[in-house]
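Each remark here refers to the structure printed beneath this line.
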Amino acid sequence: MLENAVLVTGTGRRIGFHIAKRLFDDGYTVIAHYRSYTDDIRILADMGITTIQADLVDSNKILQFVAELQTCCVNFRAIIHNASSFEPTAENLIDAAEQFDQFFNVHMKAPFLINQGLQSLLVGEADAPADIIHITDINAENPTPRFDIYGSTKAGLHNLTVVLAKKFAPKIKVNSIAPGPVLFTEQHSEQVRQQMLDETLLAKEGGAEPVYLAIKSVLTNPFITGASIPVDGGRRLSKR
Ligand SMILES: NC(=O)c1ccc[n+]([C@@H]2O[C@H](COP(=O)([O-])OP(=O)(O)OC[C@H]3O[C@@H](n4cnc5c(N)ncnc54)[C@H](OP(=O)(O)O)[C@@H]3O)[C@@H](O)[C@H]2O)c1
């Protein structure tokens, strides 16, 4: 049984992988969740990190995942909800309906059920509260119309931050970290990338490390809850 575990969801690539690896390097006991088995998951497992597979796509699978977590850990220091679906809203209504269920489940239902199911096992260090961190997006505040389902379900995730901060206080802090242009995806054309950089005050793609640094600052600060911390190089101020 693991003690003081930090659960990170969606660690099979990119930012989630980076968060899990950096937490481990900094001495935390990490549980790395993934959906698809990847080379990055193999790297985390080879480092000695516990990895658990779950598709956070429907209630039954999410509840099975919660039950597995309840049996593998004595307690948790933190939960970091990073898993996410990102794509523009489909033109076809039937596809959009499917996307809505998928985005809602990954961005809102899974975090809610995992938080609710594990809250009695969340324990902080010394007299400081434990942590729940939701990785949202600056789109939650200033959404892009083409990504309306993505943005609105991320906004729902931030609303969960606020209500769960109230519900779980004073034992657990609940905060959002809202990235902007941190890592471009293959879907971003050169033109879109340039537009995003032009709209970013600090004029660069931030990389995964600034997201980790924000997580670390939340974990080590005992007096922040119900907050959203942008990690966006200032793009939220100038995004069209
Ligand atoms: N990249 C950016 O610049 C940026 C900007 C703003 C916000 N963010 C936020 O930062 C976080 C990480 O971003 P990223 O770019 O690293 O994301 P990403 O490359 O899209 O990776 C998302 C992860 O979530 C997992 N996932 C998706 N659907 C799932 C499901 N149904 N069940 C379980 N896991 C699922 C994926 O697993 P599979 O490998 O199986 O698909 C993948 O490992 C996300 O929350 C994202 O919204 C990122």
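Taking segment 57-87 as the range and being touching a residue at least 24 places away in the same chain (Cβ under 8 Å), in contact with a strand residue (DSSP E or B) (Cβ under 8 Å, 6 or more places away or on another chain) and farther than 20 Å from Y212 by Cα as the test, the residues that pass are F65, L69, C72, C73, V74, N75.
Is there any pair linking a residue in segment 108-125 that is in contact (Cβ under 8 Å) with a residue 60 or more places away in the chain and among the hydrophobic types (A, V, I, L, M, F, W, C) to one that is in a helix (DSSP H, G or I) and surrounded by 21 or more Cβ atoms within 10 Å (Cβ to Cβ), with Cβ under 9 Å and at least six apart or on different chains, and which? Close Cβ pairs satisfying both conditions: A110/I62; A110/F65; I114/I62; I114/F65; I114/L69; L118/L69.
In the set L157, L164, only one residue is modelled with pLDDT of 95 or more, within 11 Å of the ligand (Cβ to nearest atom) and over 19 Å from L237 (Cα atoms); that residue is L157. The residues of segment 195-235 that are surrounded by fewer than 19 Cβ atoms within 10 Å (Cβ to Cβ), of a type in the set (S, T, N, Q) and modelled with pLDDT of 95 or more, listed by number, are S217, T220, N221, S228.
Only a single item in (1) buried (at least 23 other Cβ atoms within 10 Å of the Cβ); (2) within 11 Å of the ligand (Cβ to nearest atom); (3) not polar (S, T, N, Q) is not met by V182, and it is number (1).
Residues that are under 20 Å from the mean Cα position of the chain (by Cα), more than 12 Å from the ligand (Cβ to nearest atom) and in a helix (DSSP H, G or I) within segment 201-240 comprise E209, L213, K216, S217, V218, L219, listed in sequence order. The number of residues in segment 124-161 being out of contact with any strand residue (DSSP E or B) (no Cβ under 8 Å at 6 or more places or on another chain) and either of a type in the set (A, V, I, L, M) or closer than 19 Å to I229 by Cβ (or both) comes to 11.
The values are calculated or read from the model by the stated rules, or taken from the named source; none is laboratory data. Owing to the predicted nature of the structure, the values given are computational and were not obtained by experimental measurement. As a convention, Cβ positions derive from the backbone with ideal geometry for all residues, glycine included, and neighbour counts pool all protein chains shown.
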